[in-house]
Amino acid sequence: MADFLMPALGADMETGKVVQWLVKPGDRIKSGDVVAVVETHKGAIDVECFLDGVIENLVPLDTALPVGAVLAHVRGAADAGAAPPAAAASSAPTAAPPPAAPAATIGRPDSAAAPAARARVSPAARRRARELGLAPDTLAGHGADGAVTLADVEAAGATAGTAAPAPRAARAGFDPAQMRQAIAAAMSRSKREIPHYYLSTTVDFTAAQAWLERYNAGQPPEQRLLPAVLLLKAVALALRRWPQLNGFYEGSAFRPGPGIHIGWAIALRGGGLVAPAIHDADRLSLPELMTALRDLVQRARSGGLRSSELSDPTITVTSLGERGAESVLGVIYPPQVAIIGFGRVLLRPWVVDGQVLARPLLNLSLAADHRASDGHLGGQALALIDEALQAPESL
């Protein structure tokens, strides 16, 4: 018999409480099944169990428990932990609080075997379906990997002519003030313990912008790409070449990430932010990245992030978007070793072949841990991102 433990959903989590069990004692579960909804200062999070067997001895609901506490037992399980193999080391309760990220990510390969009924319905969609008297497991999903989203449930309710009660208020457990305190504690720890170095460069975004316009001209609105996906893919490909920026610094040593799992910083409407992972971002096409990003943002803001998305980002990327500042110098999210920032695209004077021309320019920055890399390597990584954005057709 193995223990199913309270996961560490990022360095900023100290406690959590199970607010909903999606299984009952005696149910057989497989690795990757979503079995519970855990509430933290980040909101309600889908928690997967990476054990095979029969689950029993479930803890009572609404009991605050520390990271690492036993939530249930799994009889017949061969493994001894509740965290996914890739995330187990980074899930240890090694930190005090900071931000995490918005929810909506691509399904992990190991979750494909999970029963579709539980693994492919977000908690927000399941709760809304219950309010509307619908069976969410029978609905067609249009989220990542066919997941049933809140929008799918609302559409099904409208088609069935079901009266739509007003959505429930956000769970009381999501406290923006508490999230701010957690972010402050984590960032204070980061600045105190991590020897940051900072680099920045200016990227000519002309080629990328022109390519996006050509690509989107022949696409319906729902299939058009945003500049963010080019930034994501360029970073992911650069990390293949410079893995020293992709991983964790723990126990006085650098541990490379098991994959390129980019945590995308998402601002929440109620305040605060989260940075859930887009897994294996270097292996996704641009349309796949766009789908994953849309899904992640939707789930982060409506509820439905998964524990695996919050526990194993190997680097964080923050983009301020069209309404943001010109540049950003990020603070590393421990135990990660780097954060990459993109400012707003601005039309500025730029020298091209000896002539001063108006060009769309983008500030690209890096904050990295001097224990894992140095400025020479960091500068080469930024140059590689810039180079990739000059040839967007190759991304």
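Among the numbered criteria (1) in a strand (DSSP E or B); (2) β-branched (Val, Ile, Thr); (3) in contact with a His (Cβ under 8 Å, 6 or more places away or on another chain), which one does residue 339 miss?
Unmet condition: (3).
What's the number of the condition residue 285 fails, among (1) buried (at least 23 other Cβ atoms within 10 Å of the Cβ); (2) more than 22 Å from residue 368 (Cβ to Cβ); (3) among the polar types (S, T, N, Q)?
The failed condition is (1).
Can we say residue 161 is on the phi > 0 side of the Ramachandran plot, modelled with pLDDT under 75 and either touching a Cys at 6+ places or on another chain (Cβ under 7 Å) or outside any helix (DSSP H, G or I) (or both)? Outline the logic, then answer.
Working: on the phi > 0 side of the Ramachandran plot: yes; modelled with pLDDT under 75: yes; either touching a Cys at 6+ places or on another chain (Cβ under 7 Å) or outside any helix (DSSP H, G or I) (or both): yes.
So residue 161 fits the description; yes.
Would you pick out the residues in the stretch 360-383 that are assigned to a helix (DSSP H, G or I) and surrounded by fewer than 18 Cβ atoms within 10 Å (Cβ to Cβ)?
375, 376, 377, 379, 380, 383
Residues of the stretch 260-271 being touching a helix residue (DSSP H, G or I) at 6+ places or on another chain (Cβ under 8 Å) and either surrounded by fewer than 19 Cβ atoms within 10 Å (Cβ to Cβ) or under 15 Å from residue 180 (Cβ atoms) (or both), which ones?
First pass over the stretch 260-271, keeping only residues touching a helix residue (DSSP H, G or I) at 6+ places or on another chain (Cβ under 8 Å): 260-262, 264, 266, 268-271.
Of everything in the stretch 260-271, those that are touching a helix residue (DSSP H, G or I) at 6+ places or on another chain (Cβ under 8 Å) and either surrounded by fewer than 19 Cβ atoms within 10 Å (Cβ to Cβ) or under 15 Å from residue 180 (Cβ atoms) (or both) turn out to be 268, 269, 270, 271.
Take the stretch 315-335 and flag every residue that is closer than 23 Å to residue 248 by Cβ and in contact with a strand residue (DSSP E or B) (Cβ under 6 Å, 6 or more places away or on another chain).
Result: 315, 316, 317, 318, 319, 328, 329, 330, 332, 333, 335.
What is the one condition in (1) among the hydrophobic types (A, V, I, L, M, F, W, C); (2) part of a loop (DSSP other than H, G, I, E, B); (3) closer than 14 Å to residue 198 by Cβ that residue 325 does not satisfy?
(3) is the only condition that residue 325 fails.
Looking at the stretch 294-311, is at least one residue over 16 Å from residue 244 (Cβ atoms), in a loop (DSSP other than H, G, I, E, B) and within 20 Å of the chain's Cα centre (by Cα)?
For the stretch 294-311, residues over 16 Å from residue 244 (Cβ atoms), in a loop (DSSP other than H, G, I, E, B) and within 20 Å of the chain's Cα centre (by Cα): present.
Quick one: which strands (runs of 3 or more DSSP E) sit completely within the stretch 168-269 and have at least 1 residues that are without any contact (Cβ under 8 Å) to a residue 24 or more places away in the chain?
The strands (runs of 3 or more DSSP E) meeting that bar are 253-256.
Return the residue satisfying two criteria in turn: it lies in the stretch 342-359 and is part of a strand (DSSP E or B) and aliphatic (A, V, I, L, M), and of such residues it is nearest to residue 390 (Cα to Cα).
352
Looking at (1) within 25 Å of residue 249 (Cβ to Cβ); (2) of a type in the set (Gly, Ala, Ser); (3) surrounded by fewer than 21 Cβ atoms within 10 Å (Cβ to Cβ), which is the one condition that is false for residue 354?
For residue 354, the failing item is (1).
The values are calculated or read from the model by the stated rules, or taken from the named source; none is laboratory data. These numbers were taken from a predicted model, which means no experiment stands behind them. Glycine gets a Cβ as well: all are built from the backbone with ideal geometry, and neighbour counts include every protein chain shown.
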